[in-house]
Amino acid sequence: QVQLVESGGGLVQPGGSLRLSCAASGNIFSINVMGWYRQAPGKERVLVTSIASGGSTNYADSVKGRFTISRDNAKNTVYLQMNSLKPEDTAVYYCNIYQYPGGSYWGHGTQVTVSS
């Protein structure tokens with residue numbers, strides 16, 4: 001089993017910044033992919049960005065150039081730096097880890113609200 005705990009969400013004005021963190025604990029394998037998904041009200045959960053244990057990254061087009069994902073493998077922690085936030089970034093942000101074997105695990109989510 002793997003547990004994920006997110007932190008760092010909140011209310012921010014358009015153009016502002018937030019940094020999310022996700023700490024993983026439990027039976028974590030050295031090779032994995034950690035990522036952030038988001039779900040806006042009435043919409044499906046979608047991938048925002050991911051980072052493999054080797055460092056390769058992937059971003060949704062909507063956040064390229066504004067969001068940056070990073071990770072600290074020693075701490076089993078992934079970060080999401082979000083800059084130039086827009087109202088359409090408002091959503092619950094979920095941390096995910098995928099590892100083989102072992103499967104996929106989710107955090108409980110953290111609310112990000114971008115509003116003036």
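The values are calculated or read from the model by the stated rules, or taken from the named source; none is laboratory data. Treat the numbers as computed from the prediction; the structure is a model and nothing was measured. All Cβ positions, glycine included, derive from the backbone under ideal geometry; neighbour counts span all protein chains shown. What goes into the accessible areas is simple: the full protein's heavy atoms, side chains included, and nothing from ligands, DNA or RNA. Shrake-Rupley method; radii C 1.70, N 1.55, O 1.52, S 1.80 Å.
Give the ranking of Ile97, Ile28 by solvent-accessible surface, highest area first, calculated with a 1.4 Å probe. Mind dumping the intermediate values first?
Working: Ile97 0, Ile28 40 Å².
Accessible-area ranking of Ile97, Ile28, largest first: Ile28, Ile97.
Could you please put Val46, Val12, Val5 in sequence from largest to smallest accessible area, using a 1.4 Å probe? Numbers along the way, then the final one.
Numbers: Val46 70, Val12 20, Val5 95 Å².
The residues order as Val5, Val46, Val12, largest area first.
Can you pull the accessible area of Tyr98 for me, 1.4 Å probe, Å² to the nearest 10?
Here the accessible area works out near 110 Å².
Output wanted: per-residue J couplings in Hz (rounded whole) for region 57-62, from phi through Karplus 6.51 cos²θ - 1.76 cosθ + 1.60, θ = phi - 60°, x for Gly and Pro.
10, 9, 10, 5, 4, 5
If you wrap a convex hull around the alpha carbons of the chain, what volume per residue comes out, as a whole number of Å³?
Details: hull volume 10.6 nm³, N = 116.
Measuring per residue, one finds 92 Å³ for the Cα hull of the chain.
Sticking with the crude label model, points 7 Å out along Cα→Cβ, report the distance from Gln13 to Arg66 in nm, one decimal please.
That separation, rounded to one decimal, is 1.7 nm.
How big is region 1-69 along each principal axis, measuring the range of its Cα positions in Å and listing the largest first?
38, 24, 22
Using 0.36 nm per residue, how much length does the chain from Ile31 to Ser116 gain when fully extended, once their Cα-Cα distance is taken away? Show your work: numbers first, answer last.
On the way: separation 85, 0.36 × 85 = 30.60 nm, distance 4.09 nm.
Computed gain between Ile31 and Ser116 is 26.5 nm.
So what is the relative contact order of region 34-85, in percent, for Cα pairs below 8 Å that sit 6 or more residues apart?
Details: 69 pairs, mean separation 13.6, N = 52.
Computed over region 34-85, the figure is 26 percent.
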